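Novice: The structure that follows is given in the form of structure tokens.
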Amino acid sequence: MESTAGKGILDGDQATREKVVALLTKAYWMEIETVMSYISASTNLDGVRAQEIRESLAEDVGEELGHAKQFATRIKELYGVVPGSEDFAPEQSFLQPPGEQTDVIHVIRGVIKAETGAIEHYTRIVEETDGVDPVTQDMVIAILRDEQGHRRLFEGFLREYELEGKA
Ligand SMILES: [Fe+2]
Ligand SMILES: [Fe+2]
């Protein structure tokens, strides 16, 4: 009987590995864009009501950057190349600075949308790596949990505004 030892993702077929690297690369860019969007939102927002959101987003910047680094490291481990900045294509049109910097609801909705996008993509990675690459799967499950936590927090913020009839 042929041993299956050494038949992990690093020894498996190249097409499978390249597919995982492509999924990780998309995830990497999503994290990088989130870092940009959260830095601008946490800095731009004005007003007493915005303080909680500002602080929360400022904290998330570090967490999202940590995710980006993890995706980059995994791309490298799978013999991929972490892309350069010229490959970046923005997608978060919904997280551009609002017309009024006191528009907290615009930012809250944008964050929920960004986190939802990440949750969808990472759920796909978890599915695609099932039985194929447990190490990537394990890493992405942990990151997925962080994004679920971020979304849950901002859903709570939105709910408060909705209850007051302001959203
Ligand atoms: Fe993230
Ligand atoms: Fe997040």
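What follows is calculated from the coordinates using simple rules that are stated; it is not laboratory data. None of these values were measured; they are calculated from a predicted model. Cβ placement follows ideal geometry from the backbone for every residue including glycine, while neighbour counts extend to all protein chains displayed.
Novice: Which one of A22, F88, L65 is farthest out on the positive end of the charge dipole of segment 15-95, using unit charges on Cβ (Lys, Arg +1; Asp, Glu -1) and the Cα centre as origin?
Specialist: The one lying farthest along the dipole's positive direction is A22.
Novice: Still on this structure, I have one more. In nm, to one decimal, how far is the modelled label at R49 from the one at K69, with both set 7 Å along Cα→Cβ?
Specialist: Result for the modelled spin labels: 3.6 nm.
Novice: Report the residue, chosen from G117, G131, G62, that carries the largest GNM mean-square fluctuation when the chain is represented by alpha-carbon nodes joined by springs under 10 Å.
Specialist: G131
Novice: Give me the distance between the Cα centres of segment 106-125 and segment 23-88, rounded to whole Å.
Specialist: 12
Novice: Using 0.36 nm times the number of residues separating A22 and M36, minus their current alpha carbon distance, what extension gain do you get?
Specialist: Working: separation 14, 0.36 × 14 = 5.04 nm, distance 2.15 nm.
Taking A22 through M36 to full extension adds about 2.9 nm, to one decimal.
Novice: Also, I was wondering about something else. Please work out how much length the chain gains when fully extended from K7 to K113, using 0.36 nm per residue of separation minus the C-alpha to C-alpha distance, in nm with one decimal.
Specialist: Working: separation 106, 0.36 × 106 = 38.16 nm, distance 3.81 nm.
Once the chain is fully extended between K7 and K113, it gains 34.3 nm.
Novice: For segment 44-102, compute the orientation-averaged projected area of the C-alpha convex hull (one quarter of its surface), in nm².
Specialist: On the way: hull surface 21.0 nm².
Orientation-averaged projected area of the Cα hull: 5.3 nm².
Novice: Which of K19/K69; K7/K113; K7/K69 have a Cα-Cα distance over 29 Å?
Specialist: Violating the 29 Å limit, Cα to Cα: K7/K113.
Novice: Here is a follow-up. Using all C-alpha to C-alpha distances in segment 37-167, build P(r) with 10 Å bins and read off the rounded percent in each one.
Specialist: Values per bin, smallest distances first: 11, 38, 31, 15, 4, 0.
Novice: Here's a follow-up. What order do you get for H121, H67 when you list them from fewest to most C-beta neighbours inside 10 Å? Walk me through the numbers before you get to the answer.
Specialist: Working: H121 17, H67 26.
Least crowded to most crowded, the residues run H121, H67.
Novice: Using a 10 Å cut-off around each Cβ, can you sort S40, S85 from fewest to most neighbouring Cβ atoms? Could you put the intermediate results ahead of the total?
Specialist: On the way: S40 15, S85 6.
Going from least to most buried by this count: S85, S40.
Novice: Let me ask something else. Between Q14 and R152, what length in nm is gained on full extension when 0.36 nm per residue of separation is reduced by their alpha carbon distance?
Specialist: On the way: separation 138, 0.36 × 138 = 49.68 nm, distance 3.76 nm.
Extra length from Q14 to R152 when fully extended: 45.9 nm.
Novice: In what order do V140, V82 fall by count of nearby beta-carbon atoms within 10 Å, going from fewest to most?
Specialist: Values: V140 26, V82 17.
Result, fewest neighbours first: V82, V140.
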